Amino acid sequence: MTATANGVTAGALAGGASSAVRSGAAVGGAPFVQAFGRGAYAYDKAGRAYVDYLMAYGPLLFGHAHPGLVRGLDALAAGGTVFGSTTEDEERLAARIAAHLPSVERLRFVSTGTEAMMSAVRVARAFTGRSLIARFAGNYHGQFDAALEAAGASAYLGGERGRTGLPASTRADCVVARYNDLDDLDVRLGGRERELAAIAVEPVVGNMGLVLPSPGFLDGIFARARRCGALVIFDEVITWLRLGLGGAQERFGLRPDLTALGKAMGGGYPLAAFGGRADVMAALAPEGAAFTGGTFSGNPFSIALGHRTLDLIERDSQILPKLAATAERLAAGIRAIFAARGLRYAVVQLESMVDFAFRPGPPVRNADERREASAPAFAAYYHAMRARGVLLAPSPNELMFVSTEHGLPEIDKTLEAVDAAIDELQRKEIV
């Protein structure tokens, strides 16, 4: 394999990676190739350790290969890894999740966040008998057609619009508004309110950087949905467990009609779910006419890891507060470095998620503002940090995810790297 000028690796693997962002095209240079992971560290094939803030883009709440998650996997697999039948453990995990999320009266397991959101959208359309979905620019809901227009994260849709693979009919069944802007939502929906099946939203956005909802924004979404008989879908693929057992919906005191879950819930294994009101979920076959299903959905191996993940959190009430404190230390350190160097970059931190953009001023509120950040500055920063043994996501839209395995030594090393990297960028007049 050889690296091309834009960082894409030539070879049998299309684009050099199984997900576009991993190619490193947004930052250039050779993509990071990981050999293994342990705790808070990613290792390359030469055995060099990097403090890892990808954490697989969020799932690794407990770091790489946590003993509580990887012990006895041979014995677990020996009982069978996929059945094609429902298991008692599957039913028990559904009940455990529902106990923490009162809005989820019924749920169904899938393997990925994409499947969870795709299924939730289908159920919303089946329940309401309507087709229009409202979304927000910079909110990434997975890689299905209805979710990709103006999506965040690594959803590259550059080049010729007609060659993205998204049919015009799909775009016609979606409206995409500006996040944190109810007036823009009203304009986009103008005259089509009675076509609206659902408004889908990341209650806290983790895919155009870390963007928090402005006061009244989420309440306004619910008010508009209720007025026209539409549903509200919360995409908590990132936020559930990262924001605690009650997720963003508990934090903001809201009860969505449908919720998508994923990432951290599987402890690093492919496990996701969607669920919501019992009457809405009754639109699914065999009760209703809407179909969802999958060979690996609810497989016993991933379900067992879902139980282990909840076990770790439920047994130690301090585990998430300690994790948040670590992230706060990281964010405070980065703020201090920026202040000392006269840089007006806002550092945003919520629980175990940390982010900043190379954009002077207050925190970003929407995708338009995120696009104001300097892409060249981020690319230079990414490589400067990687050279100093800190691995970030190779995209300016992603976050720094902290795990329980990040301790004071890792945070201190990271802050030293940030200071040195920013010094390098300032000397080169990049920032």
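Please treat every number below as a calculation from the coordinates, not as lab data. Because the structure is predicted, anything quoted here is derived from the model rather than measured. Cβ coordinates were reconstructed from backbone atoms using ideal geometry, including for glycine residues, and neighbour counts include every protein chain displayed.
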Let's test the formula: R0 of 56 Å, r as the Cβ-Cβ distance of Ala46 and Ser169. What FRET efficiency results, to the nearest 0.05?
0.70
Residues other than Ala49 with Cβ under 13 Å of its Cβ, Lys/Arg counted +1 and Asp/Glu -1, net out at +2
Springs between alpha-carbon pairs under 10 angstrom, Gaussian network model over the chain: which of Glu115, Glu287, Glu369 fluctuates most?
Glu287
Would you mind putting 65-77, 351-363 in packing order, based on average other-beta-carbon counts within 10 Å, highest first?
351-363, 65-77
As a percent rounded to 5, the proportion of antiparallel DSSP bridges among beta bridges in the chain is 60
In whole angstrom, the spacing between the Cα centers of segment 23-73 and segment 94-113 equals 28
Pull up the DSSP beta bridges for segment 69-315 and report the antiparallel fraction as a percent, rounded to 5.
40
Take the alpha-carbon centre of segment 392-422, take the same for segment 172-228, and report the distance between them in whole Å.
32
Most fluctuating residue of Lys263, Lys45, Lys322 in a GNM of the chain with Cα springs under 10 Å: which is it?
Lys45
With n ≥ 4 as the cut-off for DSSP H runs, can you work out [θ] at 222 nm for the chain, using -39500 (n - 2.57) per run divided by the number of residues, rounded to the nearest 500?
-10500 deg cm²/dmol
DSSP loop chymotrypsin sites (Phe, Trp or Tyr not before Pro) in segment 280-315 with at most 13 other Cβ atoms within 10 Å of their Cβ, which ones?
Phe291
Compare Leu261, Leu284, Leu212 in a GNM of the chain, Cα atoms joined below 10 Å, and give the one with the largest fluctuation.
Leu284
Take each of the peptides 309-319, 377-387, 415-425, average the number of other beta-carbon atoms within 10 Å over its residues, and list them starting from the highest.
377-387, 415-425, 309-319
